[in-house]
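Heads up: the structure comes next, in structure tokens.
The values are calculated or read from the model by the stated rules, or taken from the named source; none is laboratory data. Fair warning: this is a prediction, and the values are worked out from it, not measured in the lab. Neighbour counts run over all protein chains shown; Cβ positions are idealised from the backbone, glycine included.
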């Protein structure tokens with residue numbers, strides 16, 4: 001399932017396990033006169049609705065109308081088919097900076113003036129700079145180092161501060177018959193985010209970045225150590241609601257439902273956008289206990305901070321004005337005030353964020369700006385060794401192996417590391 005499809009409505013009160021949503025392909029257009037700007041986006045559902053509110057401000061200011069087509073994580077396939085048909089959009093919103101590098105080096109993107117990136121952290125600017133030229137601007141950021149939990153589900157225990165404490169907590173809850181952990185193992189991107197956090201914690205930023213660039217060693221001790229530490233948790237008997245087989249069929253939304261609605265589990269892991277799903281069920285009166293968050297725990301005295309994000313690029317000169325406009329702090333104000341949104345632009349006042357978790361996370365991303373790293377699977381470029389979808393598949397196979405009763409975690413680790421090495425060699 002597309003990570004961008006996870007917020008696409010949630011119309012049913014509780015989602016069926018293993019449900020496969022139809023691919024998003026909605027096309028909408030305003031009826032106002034004036035030139036059209038065509039945008040291809042990764043967003044759908046509530047994220048897309050919020051983006052439309054942002055675009056309404058651009059339409060009001062310029063008199064242009066904006067047409068949006070959404071394709072989720074299949075946007076690369078959409079753009080390739082559009083290019084073959086000679087109908088590339090003016091602007092695209094991408095969640096993978098690896099694609100920015102790929103498109104720029106193929107000569108598909110329009111270079112951007114450097115000042116449009118003035119409000120961004122240096123690290124984010126570098127991710128969309130190719131051969132010394134800027135090709136993208138960040139519109140949205142996601143904090144991807146978060147565990148969400150019900151306080152009552154921890155049986156009076158405090159949130160764990162270290163990885164060892166988390167493993168002990170899960171073992172204790174499972175032993176007491178309290179199912180501790182909801183994992184959306186059907187979504188490879190969720191498992192890849194677990195791996196990115198653990199790898200950053202055990203390897204450090206420099207080695208993490210070498211792997212992202214294609215220069216690192218996927219057979220290294222750090223990679224195997226990261227897999228071993230994940231296996232400690234994922235191999236605990238009784239850790240998952242209804243067992244490992246159901247975990248392998250569970251998608252992202254279901255893991256949220258298991259914690260906050262049906263209360264089958266105490267804890268789940270993913271980004272700040274979990275709040276958008278929680279809010280939807282809260283509005284329907286189905287959340288009896290508001291979840292709280294804690295950061296990915298410290299591993300060997302290191303605590304990771306992984307982010308994701310969405311970047312705007314221009315395929316045509318006619319898209320430059322909209323791309324520039326999206327960099328303005330006031331342009332995204334409707335989305336900031338609505339919640340479920342973190343801006344990468346330091347010009348957005350912190351007081352505009354809803355008080356509570358969202359404002360706290362926005363503050364955290366700014367105060368720890370130097371230590372944050374972008375989500376590894378999104379950095380990996382297609383055709384350059386391990387790519388993002390390779391990682392999703394390998395992590396799903398790894399989860400299935402280590403969570404099998406009687407499995408030998410070390411053997412599963414060696415197999416997963418070998419799979420990564422093979423993928424890196426093409």
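Details
- Being assigned to a strand (DSSP E or B), outside the structural domain of residue 212 (by TED's automatic domain parsing) and touching a residue at least 24 places away in the same chain (Cβ under 8 Å) is a property that residue 311 has.
- Test: residue in the stretch 124-133 that is in contact with a helix residue (DSSP H, G or I) (Cβ under 8 Å, 6 or more places away or on another chain), surrounded by 22 or more Cβ atoms within 10 Å (Cβ to Cβ) and within 30 Å of residue 262 (Cα to Cα): no
- Residue match in the stretch 365-373 (condition: outside any strand (DSSP E or B) and within 30 Å of residue 108 (Cα to Cα)): yes
- 1 or more residues in the same structural domain as residue 235 (by TED's automatic domain parsing): qualifying helices (runs of 4 or more DSSP H) within the stretch 71-185: 163-175
- Residue 59 being within 23 Å of residue 330 (Cα to Cα), in a helix (DSSP H, G or I) and modelled with pLDDT under 90: no
- Qualifying residue in the stretch 292-302 (condition: touching a residue at least 60 places away in the same chain (Cβ under 8 Å), touching a strand residue (DSSP E or B) at 6+ places or on another chain (Cβ under 9 Å) and within 23 Å of residue 65 (Cβ to Cβ)): no
- Applying the condition of being assigned to a helix (DSSP H, G or I) and modelled with pLDDT under 95 to the stretch 394-410 and asking which residue is surrounded by the fewest Cβ atoms within 10 Å (Cβ to Cβ) yields 410.
- Members of the stretch 221-237 that are crowded, with 18+ Cβ neighbours inside 10 Å and not in a helix (DSSP H, G or I): 235, 236
- When residues of the stretch 190-209 are limited to those that are touching a helix residue (DSSP H, G or I) at 6+ places or on another chain (Cβ under 9 Å) and without any contact (Cβ under 8 Å) to a residue 40 or more places away in the chain, the one farthest from residue 303 (Cα to Cα): 207
- Any hit, the stretch 196-209, residues being modelled with pLDDT of 95 or more, in contact with a strand residue (DSSP E or B) (Cβ under 7 Å, 6 or more places away or on another chain) and in a strand (DSSP E or B): no
- Meets criteria (more than 30 Å from residue 130 (Cα to Cα), touching a residue at least 12 places away in the same chain (Cβ under 8 Å) and within 19 Å of the chain's Cα centre (by Cα)) for residue 184: yes
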